[in-house]
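Okay, so here's the structure we're looking at.
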Amino acid sequence: MSGLTLEDAYRVAKLAALELSEQDAHAMRDQLGAILDHIAALDAVDVSGVEPTFHPFASQAPLRADVAKLSGLRDALLAGAPHADGPGFAVPKVLDGD
(Lines give C-alpha, C1' and ligand atoms only; values in the text may rest on other atoms or scores of the structure.)
Protein backbone atom coordinates (compact mmCIF):
# COMPACT_ATOMS: atom_id res chain seq x y z
CA MET A 1 0.00 0.00 0.00
CA SER A 2 1.22 3.50 -0.77
CA GLY A 3 0.45 4.89 2.68
CA LEU A 4 -1.65 7.86 1.58
CA THR A 5 -3.64 9.62 4.26
CA LEU A 6 -6.94 11.46 4.04
CA GLU A 7 -4.97 14.70 4.34
CA ASP A 8 -3.07 13.70 1.18
CA ALA A 9 -6.36 13.12 -0.62
CA TYR A 10 -7.68 16.51 0.51
CA ARG A 11 -4.41 18.20 -0.55
CA VAL A 12 -4.62 16.67 -4.05
CA ALA A 13 -8.29 17.65 -4.26
CA LYS A 14 -7.41 21.23 -3.31
CA LEU A 15 -4.72 21.33 -6.02
CA ALA A 16 -7.33 20.13 -8.52
CA ALA A 17 -9.86 22.68 -7.19
CA LEU A 18 -12.22 19.92 -6.06
CA GLU A 19 -14.43 19.80 -3.02
CA LEU A 20 -14.67 16.31 -1.53
CA SER A 21 -17.06 14.82 0.95
CA GLU A 22 -15.50 12.51 3.51
CA GLN A 23 -16.79 9.50 1.58
CA ASP A 24 -15.27 10.84 -1.66
CA ALA A 25 -11.98 11.54 0.13
CA HIS A 26 -11.78 7.92 1.28
CA ALA A 27 -12.49 6.71 -2.28
CA MET A 28 -9.94 9.13 -3.74
CA ARG A 29 -7.31 8.03 -1.20
CA ASP A 30 -7.86 4.40 -2.16
CA GLN A 31 -7.80 5.13 -5.90
CA LEU A 32 -4.69 7.31 -5.70
CA GLY A 33 -3.02 4.65 -3.57
CA ALA A 34 -3.80 1.99 -6.19
CA ILE A 35 -2.33 4.22 -8.91
CA LEU A 36 0.82 4.86 -6.91
CA ASP A 37 1.15 1.15 -6.11
CA HIS A 38 0.88 0.33 -9.80
CA ILE A 39 3.55 2.93 -10.66
CA ALA A 40 5.80 1.48 -7.95
CA ALA A 41 5.37 -1.98 -9.50
CA LEU A 42 6.32 -0.59 -12.91
CA ASP A 43 9.30 1.17 -11.36
CA ALA A 44 10.54 -2.17 -10.00
CA VAL A 45 10.76 -3.73 -13.48
CA ASP A 46 14.34 -4.09 -14.78
CA VAL A 47 14.53 -2.26 -18.11
CA SER A 48 18.31 -1.92 -18.28
CA GLY A 49 18.49 -3.96 -21.50
CA VAL A 50 15.54 -2.33 -23.24
CA GLU A 51 16.30 0.12 -26.01
CA PRO A 52 14.45 3.44 -25.57
CA THR A 53 11.73 4.10 -28.13
CA PHE A 54 9.45 6.95 -29.01
CA HIS A 55 6.96 4.86 -30.97
CA PRO A 56 5.95 1.20 -30.64
CA PHE A 57 6.39 0.52 -34.36
CA ALA A 58 9.66 0.97 -36.25
CA SER A 59 8.32 2.76 -39.30
CA GLN A 60 8.94 5.97 -41.12
CA ALA A 61 6.38 8.19 -42.70
CA PRO A 62 6.74 8.46 -46.45
CA LEU A 63 8.30 11.75 -47.42
CA ARG A 64 7.58 13.73 -50.53
CA ALA A 65 9.91 16.12 -52.26
CA ASP A 66 9.73 19.66 -50.92
CA VAL A 67 9.02 21.47 -54.17
CA ALA A 68 7.58 24.97 -54.38
CA LYS A 69 4.76 25.34 -56.87
CA LEU A 70 2.23 28.03 -57.66
CA SER A 71 -1.27 27.50 -56.35
CA GLY A 72 -2.92 29.51 -59.08
CA LEU A 73 -5.00 31.46 -56.57
CA ARG A 74 -3.14 34.79 -56.59
CA ASP A 75 -5.42 36.55 -59.07
CA ALA A 76 -8.58 35.32 -57.33
CA LEU A 77 -7.30 36.38 -53.91
CA LEU A 78 -6.14 39.80 -55.09
CA ALA A 79 -9.49 40.35 -56.83
CA GLY A 80 -11.22 40.12 -53.44
CA ALA A 81 -8.81 42.51 -51.70
CA PRO A 82 -9.85 46.14 -51.07
CA HIS A 83 -6.51 47.32 -52.49
CA ALA A 84 -3.82 45.50 -54.44
CA ASP A 85 -0.36 46.71 -55.41
CA GLY A 86 1.18 44.60 -58.15
CA PRO A 87 1.51 41.00 -57.00
CA GLY A 88 0.52 41.68 -53.37
CA PHE A 89 -1.97 43.29 -51.00
CA ALA A 90 -1.73 47.01 -50.33
CA VAL A 91 -2.06 47.81 -46.62
CA PRO A 92 -1.76 51.04 -44.63
CA LYS A 93 1.71 51.91 -43.36
CA VAL A 94 2.02 51.12 -39.64
CA LEU A 95 5.71 51.76 -38.94
CA ASP A 96 7.80 54.91 -39.44
CA GLY A 97 10.76 54.73 -41.78
CA ASP A 98 11.36 53.39 -45.25
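Looking at residue 95, is it surrounded by 10 or more Cβ atoms within 10 Å (Cβ to Cβ) and assigned to a loop (DSSP other than H, G, I, E, B)?
no
Which condition number does residue 40 fail, the rest of (1) surrounded by 10 or more Cβ atoms within 10 Å (Cβ to Cβ); (2) among the small types (Gly, Ala, Ser); (3) more than 30 Å from residue 14 (Cβ to Cβ) being met?
It is condition (3) that residue 40 fails.
Taking the condition in a loop (DSSP other than H, G, I, E, B), touching a residue at least 12 places away in the same chain (Cβ under 8 Å) and out of contact with any helix residue (DSSP H, G or I) (no Cβ under 7 Å at 6 or more places or on another chain), does residue 3 pass?
So residue 3 passes the test.
Taking the stated definitions as given, is residue 16 of a type outside the set (S, T, N, Q) and more than 26 Å from the chain's Cα centre (by Cα)?
When the stated conditions are applied, residue 16 does not pass them.
Per-residue answers, yes or no, for (1) in contact with a Phe, Trp or Tyr (Cβ under 6 Å, 6 or more places away or on another chain); (2) surrounded by fewer than 10 Cβ atoms within 10 Å (Cβ to Cβ); (3) of a type in the set (Lys, Arg); (4) part of a loop (DSSP other than H, G, I, E, B):
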residue: 8; (1), (2), (3), (4): no, no, no, no
residue: 12; (1), (2), (3), (4): no, no, no, no
residue: 36; (1), (2), (3), (4): no, no, no, no
residue: 49; (1), (2), (3), (4): no, yes, no, yes
residue: 69; (1), (2), (3), (4): no, yes, yes, yes
residue: 78; (1), (2), (3), (4): no, no, no, no
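Out of the residues in region 65-98 meeting the condition of being modelled with pLDDT under 85 and acidic (Asp, Glu), tell me which one is nearest to the chain's Cα centre (by Cα).
Going through the qualifying residues, I end up with 96.
Select from region 41-64 the residues that are under 22 Å from the mean Cα position of the chain (by Cα) and under 28 Å from residue 2 (Cβ atoms) and list them in ascending order.
Correct list: 52 only.
The values are calculated or read from the model by the stated rules, or taken from the named source; none is laboratory data. Note that the structure is predicted; figures quoted are calculated from it, not measured. All Cβ positions, even for glycine, are placed from backbone atoms using ideal geometry, and neighbour counts span all protein chains on display.
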